[in-house]
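To start, the structure under review is shown below, and the notes come after it.
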Amino acid sequence: QVQMKETGPGLVQTRQTLSVTCTVSGFSLSSHGVHWVRQAPGKGLEWMGVIWDNGSTNYNSALKSRLSISRDISKSQVFLIMNSLQTDDTAVYYCAVNYGGYWYLDFWGPGTMVTVSS
Amino acid sequence: DIQMTQSPASLSASLEEIVTITCKASQDIDDYLSWYQQKPGKSPQLLIYDATSLADGVPSRFSGSRFGTQYSLKINRPQVDDSGIYYCLQNYITPWTFGGGTKLELK
């Protein structure tokens, strides 16, 4: 069955670079797109970006200058890299897949909490 | 970017009511709209996709509809377990954008 799990550093210093890995099982990254969504404490959901089945990417307009999403198909892993972190990047980071179709997110990981501190 | 204006921000409803949550898109999104439920400390779960299609395993008391650029999620005679926060997401064009969320409390 489809499973996804995010792994992150927990705590990151301001102005440093965040790296979060999404490890998936039950499907191939060459057949489905994986999205990143984050949620600051007590706030709503924010779509960050996607790496599609063909490897192309799209990003949130406000984050695109410091965000990169890539993948390793052989390892079934998707990577989120975001630089120049600030305290308002503190959030739970989720990966999610459009498995049943292109236009919705039907499976999500449990999320990983990232705290940005000075 | 497409803006999704979701309302109300919160509501309290009884188990006998029909609950309605709406999302208005800033432009035509051609039914590329999905709805999610999130419970505290949990990941969001897909309820509705393509504006009106029920996701697998979602109870039939949930339904989606559209009127122009306004999309609605209805819960017919909600159950206590339906408490949580509901979000719409436009999937028409990247960047995808979420509505601000609706916190539903059932009394």
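Looking only at residues in segment A:42-61 that are under 12 Å from A:Leu80 (Cα atoms) and facing chain B (nearest Cβ under 8 Å), which one is most open to solvent (accessible area, probe 1.4 Å)?
Pass one, segment A:42-61, residues under 12 Å from A:Leu80 (Cα atoms): A:48-51, A:57, A:59.
Right, trim to facing chain B (nearest Cβ under 8 Å) and you get A:49-50, A:59.
Details: A:Gly49: 0, A:Val50: 0, A:Tyr59: 49 Å².
If we take residues in segment A:42-61 being under 12 Å from A:Leu80 (Cα atoms) and facing chain B (nearest Cβ under 8 Å), then A:Tyr59 is most open to solvent (accessible area, probe 1.4 Å).
For the subset of segment B:63-107 comprising residues that are among the aliphatic types (A, V, I, L, M) and more than 27 Å from A:Met48 (Cβ to Cβ), which member is least open to solvent (accessible area, probe 1.4 Å)? Filtering first and then ranking leaves B:Ile75.
Within segment A:62-96, the residues that satisfy the criterion of being of a type in the set (Val, Ile, Thr), more than 11 Å from chain B (Cβ to nearest Cβ) and open to solvent by 30 Å² or more (accessible area, probe 1.4 Å) are A:Ile73, A:Ile81, A:Thr87.
Every listed requirement among (1) more than 17 Å from B:Ser10 (Cβ to Cβ); (2) among the hydroxyl-bearing types (Ser, Thr, Tyr); (3) not in a loop (DSSP other than H, G, I, E, B) is met by B:Tyr87 save one, (1). Every condition in (1) of a type outside the set (Val, Ile, Thr); (2) open to solvent by less than 20 Å² (accessible area, probe 1.4 Å); (3) touching a residue at least 60 places away in the same chain (Cβ under 8 Å) holds for A:Tyr99 except the one numbered (2). So is B:Gly41 surrounded by 21 or more Cβ atoms within 10 Å (Cβ to Cβ), within 13 Å of another protein chain (Cβ to nearest Cβ) and of a type in the set (Gly, Ala, Ser) or not? No: the conditions fail for B:Gly41.
Looking across segment B:1-38, just one residue is out of contact with any Ser or Thr (no Cβ under 8 Å at 6 or more places or on another chain), crowded, with 18+ Cβ neighbours inside 10 Å and β-branched (Val, Ile, Thr), and that is B:Val19.
The values are calculated or read from the model by the stated rules, or taken from the named source; none is laboratory data. As the structure is a computational prediction, the values presented were derived from the model and not from experiment. Cβ coordinates were reconstructed from backbone atoms using ideal geometry, including for glycine residues, and neighbour counts include every protein chain displayed. To get the accessible areas, we keep the full protein, side chains included, count just its heavy atoms, and leave off ligands, DNA and RNA. Shrake-Rupley method; radii C 1.70, N 1.55, O 1.52, S 1.80 Å.
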